[in-house]
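Data first, discussion second: the structure below is written as structure tokens.
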Amino acid sequence: MMQRRQFLGSLAVAGAGSRLFAAERRLKIGHTGITWGFKPDDAPGAIHDVASLGYNGYETFGEYLDAWELKGGLKAVLDAAGLPLVSAYCNVNLTDPTKRTDEVAKAVRWAKLIQKCGGTTAVIGPNGVRRPAYDFKTSKSDIVAALNEIGQAVTDAGVIPALHQHTGTCIETRDEVYAVLDAVNSKAVKFGPDVGQLAKGGSDPVKVVKDFLPLIRHVHLKDWDGGPYWVQYCPLGRGKVDLPAVLDLLEQNREMKIVMVELDPSANAPMPPLETARTSKEYLKKLGYTFRS
């Protein structure tokens, strides 16, 4: 497994992680809809705000796509705002093999809806577990098998499956991330790290991104400050994540076209979702990124 990781690292462009600060940045910047809330009916407000700030794409949830199909589909809302769908976060159970057939079918259904709305990526979200009692070693084989099967089915449906590690789930720690990515079929399963989640989970986001750069097809660009709002996250540039180093690396991955800014919702937050998205936008503009007018 170490040899495989070293090989992946050798594919990265020399000088990865240096402060390039190029005058012209290649990557586009999108935003996820989670900041505005967890209900399907929160989507129109989120789409309006994201579009109004000139972001280049939007991410929703697989469940939202299901709910909006009953009302004619989310694409009509996106089209009205002139905002393209990039991806949907798709929660799947990876640890229970008795549920795998249903989870594969669900992932394929969501992949088809992502495609219908013009998106390209299914962000594969692992199921939650009780971390204090969780034994990763006994679950690893089921996780890898489920990812390989779901990933292949989603790939066959014409959508990119990108594993998203997450705190509180069956794939959280550095060791779990590396063990899973070293074991999966990398032709069928790509990586979609959340750099804020990596930091909160005790990993070095820059190191993880560098080590698996050739596998990365999707990123949640999130900052973490350990504070009282937004589940310990914060608008970009106000936390501890070395975002310039992360972005310098991602700029060198030609498979990457767009990264998605993300911030969790929060009660009694010091600024509303529109302002957090605006704050992150202004930070990224200082790094050379452009937005739609």
**OP:** Working carefully through the options A88, A122, A76, find the one that is free of Cβ contacts under 8 Å to residues at least 12 places away in the same chain and either more than 22 Å from the chain's Cα centre (by Cα) or surrounded by 18 or more Cβ atoms within 10 Å (Cβ to Cβ) (or both).
**Re:** A76
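Among the residues that make up segment 214-233, is at least one of them of a type in the set (K, R), in a loop (DSSP other than H, G, I, E, B) and either within 14 Å of the chain's Cα centre (by Cα) or at pLDDT below 95 (or both)? Working first, answer last.
First, the residues of segment 214-233 that are of a type in the set (K, R): 217, 222.
The next check asks that each one be in a loop (DSSP other than H, G, I, E, B); those that pass are 217, 222.
Applying the additional criterion that residues be either within 14 Å of the chain's Cα centre (by Cα) or at pLDDT below 95 (or both) yields 217, 222.
Checked segment 214-233: at least one residue is of a type in the set (K, R), in a loop (DSSP other than H, G, I, E, B) and either within 14 Å of the chain's Cα centre (by Cα) or at pLDDT below 95 (or both).
Applying the selection to segment 185-210, what residues are in contact with a helix residue (DSSP H, G or I) (Cβ under 7 Å, 6 or more places away or on another chain) and surrounded by fewer than 21 Cβ atoms within 10 Å (Cβ to Cβ)? Steps first, please.
As a first pass, look at segment 185-210 and keep what is in contact with a helix residue (DSSP H, G or I) (Cβ under 7 Å, 6 or more places away or on another chain): 185-186, 188-191, 193, 195, 198-200, 202-203, 205-206, 208-210.
Listed by number, the residues that qualify are N185, S186, A188, G202, K210.
For segment 180-188, indicate whether the set of residues that are closer than 21 Å to G62 by Cβ and part of a helix (DSSP H, G or I) is non-empty. Show your work before the answer.
Initially, segment 180-188 is screened for residues closer than 21 Å to G62 by Cβ, giving 180, 184, 188.
If we keep only those that are part of a helix (DSSP H, G or I) too, we end up with 180.
Yes, segment 180-188 contains a residue that is closer than 21 Å to G62 by Cβ and part of a helix (DSSP H, G or I).
One line per residue, one yes/no per condition, for (1) part of a loop (DSSP other than H, G, I, E, B); (2) hydroxyl-bearing (S, T, Y):
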site	(1), (2)
P161	no, no
E172	yes, no
S203	yes, yes
V206	no, no
V246	no, no
D264	yes, no
**OP:** Just give me the residues in segment 44-73 being of a type in the set (D, E, K, R), under 20 Å from the mean Cα position of the chain (by Cα) and in a helix (DSSP H, G or I), in sequence order.
**Re:** D49, E63, D66
Subject >> Candidate set: segment 236-266, residues that are touching a strand residue (DSSP E or B) at 6+ places or on another chain (Cβ under 6 Å) and acidic (D, E); chosen: the one surrounded by the fewest Cβ atoms within 10 Å (Cβ to Cβ) >> reply: D264
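The values are calculated or read from the model by the stated rules, or taken from the named source; none is laboratory data. All figures in this text were calculated on a predicted structure; none of them were measured in a lab. Glycine also receives a Cβ, built like all others from the backbone with ideal geometry; neighbour counts cover every protein chain displayed.
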